[in-house]
Amino acid sequence: MSRTDTARRRRGSEVIVPNRRISFLNRRKKVYGAWQLYVLLLPALIYVAVFKYWPMYGVQIAFRNYNPVDGFTGSPWVGLQHFIRFVNSYQFGQVVENTLWVAVLGLLIAFPIPIILALLVNQLQSENFKKFTQTVLYSPAFISTVVVVGIMFVLLSPRSGLVNNAIQLGGGEPIFFMGSAEWFRPIYVLSDVWQNAGFSMIVYLAALAGIDPALHDAAKVDGASKLQRIRHIDLPGIMPVVTVLFILAIGNLLNVGFEKALLMQTPLNLSSSEIIQTYVYHAGLQQAQFSYSAAIGLFNSVLNLALLLFFNTVARRANQATLW
């Protein structure tokens, strides 16, 4: 190597190092200048670290034959034995099928309804009536799941339920809704829509509030109807929010509500109500098979992560809003 090349390298390194040091000093000054914001952020970071990341240490029991006496490190490794056991179990196909049915039906029905409600409520002219409608729609979200299921059992009772009384008045035969396997999925999805659609609507109303009113004024001058303004102004305006929330919903697709499914289960509808979450509870926790239940939960989480990554990639290639 010539002396000229050596001198050039030295000069290049002398330029790079100060630039890095200056950028580091600038970042440190910004942190010191806004230290109050970082202090406010600290509790959230501690919460995420303690309750989200630290529990990942316990995921290893899915690959061990866990014994509480021996602890995490003392229990022997068994590799993928619990995953293979779950896949080869006679209930695997039924449990996964039930979970997918409930999840996909919930996504197809429950996801667009809050958008429709937000578009309709946003068109209301009276502010008082709009506030009243919003309150009525999102109030069910504050009702406990236990209470909601109790209400369903009362309303759908084959003897004294309001629904079956109406069916009998119409000349039909009473239906045992909560004891019929074919009725579990519609009841689960529709009750979930009734309870959560109004609360989800708030996000889309906030996105609609961010649309420039001048666009609507210009459309009115051009003679656009309400439907045309919804189609060409409101929907494109909230589409980034819709896309992001859809990706998040896909990433949470297989996390079907455990509490409601367990409360709605009866021996007569078990063939369609036994989902992954309830199977983990019955086969894993009630029988103290901790490693087996952890393996099923990890299996479910990995599928959700794969769906999230896939649809986020699809949205990015379609030039839509994405998570990252």
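Does the range 136-146 hold any residues that are surrounded by fewer than 12 Cβ atoms within 10 Å (Cβ to Cβ) and more than 18 Å from Ile113 (Cβ to Cβ), and which are they?
Phe142, Ser144, Val146 - these are the residues of the range 136-146 that are surrounded by fewer than 12 Cβ atoms within 10 Å (Cβ to Cβ) and more than 18 Å from Ile113 (Cβ to Cβ).
Only residues that are out of contact with any His (no Cβ under 9 Å at 6 or more places or on another chain) and either touching a residue at least 60 places away in the same chain (Cβ under 8 Å) or surrounded by 15 or more Cβ atoms within 10 Å (Cβ to Cβ) (or both) were counted across the range 220-234, and they come to 2. For the range 89-107, the criterion of being assigned to a helix (DSSP H, G or I), without any contact (Cβ under 8 Å) to a residue 40 or more places away in the chain and within 25 Å of Leu227 (Cα to Cα) is met by no residue. Residues that are among the small types (Gly, Ala, Ser) and at positive phi do occur in the range 171-178, at least one of them. Only residues that are under 19 Å from Leu107 (Cβ atoms) and either out of contact with any Phe, Trp or Tyr (no Cβ under 9 Å at 6 or more places or on another chain) or not assigned by TED's automatic domain parsing to the domain that holds Thr145 (or both): list them for the range 197-210, please. Across the range 197-210, the qualifying residues are Val203, Tyr204.
Looking only at the range 108-132, how many residues end up being buried (at least 17 other Cβ atoms within 10 Å of the Cβ) and under 24 Å from Ile187 (Cα atoms)? Of the residues in that region, 6 qualify.
Starting from residues that are assigned to a helix (DSSP H, G or I) and out of contact with any helix residue (DSSP H, G or I) (no Cβ under 9 Å at 6 or more places or on another chain), keep the ones in the range 157-204 and report whichever is surrounded by the fewest Cβ atoms within 10 Å (Cβ to Cβ). Filtering the range 157-204 for residues that are assigned to a helix (DSSP H, G or I) and out of contact with any helix residue (DSSP H, G or I) (no Cβ under 9 Å at 6 or more places or on another chain), the one surrounded by the fewest Cβ atoms within 10 Å (Cβ to Cβ) comes out as Leu169.
Among the residues of the range 61-84, those that are touching a helix residue (DSSP H, G or I) at 6+ places or on another chain (Cβ under 7 Å), modelled with pLDDT of 85 or more and part of a helix (DSSP H, G or I) comprise Ile61, Ala62, His82, Phe83.
Looking across the range 256-276 at every residue that is touching a helix residue (DSSP H, G or I) at 6+ places or on another chain (Cβ under 8 Å) and free of Cβ contacts under 8 Å to residues at least 60 places away in the same chain, the one that is surrounded by the most Cβ atoms within 10 Å (Cβ to Cβ) is identified as Gln265. Please verify whether Ser157 is polar (S, T, N, Q), free of Cβ contacts under 8 Å to residues at least 24 places away in the same chain and assigned by TED's automatic domain parsing to the domain that holds Val121, treating the condition exactly as stated. Here the answer is yes, as Ser157 does meet what is asked. All conditions but one from (1) small (Gly, Ala, Ser); (2) touching an Asp or Glu at 6+ places or on another chain (Cβ under 9 Å); (3) more than 15 Å from Ile116 (Cα to Cα) apply to Gly237; the one that does not is (3).
When the criteria are applied in full, Asp217 meets the requirement of being surrounded by fewer than 13 Cβ atoms within 10 Å (Cβ to Cβ) and assigned to a helix (DSSP H, G or I). Tally the residues that are within 17 Å of Phe258 (Cα to Cα), part of a helix (DSSP H, G or I) and of a type in the set (A, V, I, L, M), restricting the search to the range 142-151. Number satisfying all stated conditions: 4.
The values are calculated or read from the model by the stated rules, or taken from the named source; none is laboratory data. This one's a predicted model, so the numbers in the text were calculated from it and none came from an experiment. When we count neighbours, we look across all protein chains shown, and the Cβ atoms used for this are built from the backbone with ideal geometry, even at glycine.
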